1. Inside the stretch 10-46, can you point out the residues that are in contact (Cβ under 8 Å) with a residue 12 or more places away in the chain, more than 16 Å from Gly130 (Cα to Cα) and surrounded by fewer than 21 Cβ atoms within 10 Å (Cβ to Cβ)?
2. Residues that are of a type outside the set (Gly, Ala, Ser), closer than 20 Å to Glu98 by Cβ and modelled with pLDDT under 80: list the helices (runs of 4 or more DSSP H) wholly contained in the stretch 1-87 that include at least 1 such residues.
3. Which condition does Ala107 not pass, out of (1) aliphatic (A, V, I, L, M); (2) assigned to a helix (DSSP H, G or I); (3) at pLDDT below 95, if it passes all the others?
Amino acid sequence: GLAIVALQQADVKGAKHFFAESMKLCLEVGFYEGTSWCFEGHVLLAALEHQPVRAGRFMAIAATIREATQASAWTDTEQVFPSSAWSGTDQTIAQVKEQIRQSLDSATFEKAWAEGKAMTFDQAVAYALGNEAERHQPPSS
């Protein structure tokens with residue numbers, strides 16, 4: 001959708017807006033599977049903002065929602081970031097996730113993953129939407 005187009009243009013502000021709108025619409029109609037895609041989008045937003053710990057949390061949140069709803073993941077072969085947006089080369093979602101993992105030492109990534117997994121659904125939504133709950137440290141394991 002429009003959030004992906006904004007991501008491909010490295011328009012973080014626009015992508016945030018469209019992912020937030022998508023999240024709200026998914027919640028409004030009870031399409032919880034769709035929220036997993038919104039959380040995947042937040043992985044990519046965090047990557048664009050050079051926030052690998054935040055991205056790791058969103059990776060865990062998206063995985064948890066997919067497991068709970070049996071939603072499919074975004075196709076990892078879809079080109080998301082043009083060369084100017086990420087690391088100098090075009091990146092697929094899978095490649096971005098791997099770069100996030102590699103940018104953190106194992107303990108830091110595992111901690112971020114555990115923090116994402118420990119969030120309730122409502123905490124995860126608030127974290128994604130930038131609500132007041134986001135300003136608090138996520139629960140640690």
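The values are calculated or read from the model by the stated rules, or taken from the named source; none is laboratory data. Note that this is a predicted model, so its numbers are computed, not measured. FYI the Cβ positions are ideal-geometry reconstructions off the backbone, even for glycines, and counts take in every protein chain you see.
1. Matches in the stretch 10-46: Ala10, Cys26, Tyr32, Glu33, Gly34.
2. Filter on the stretch 1-87 gives 2-8.
3. Of the numbered conditions (1) aliphatic (A, V, I, L, M); (2) assigned to a helix (DSSP H, G or I); (3) at pLDDT below 95, the odd one out for Ala107 is (3).
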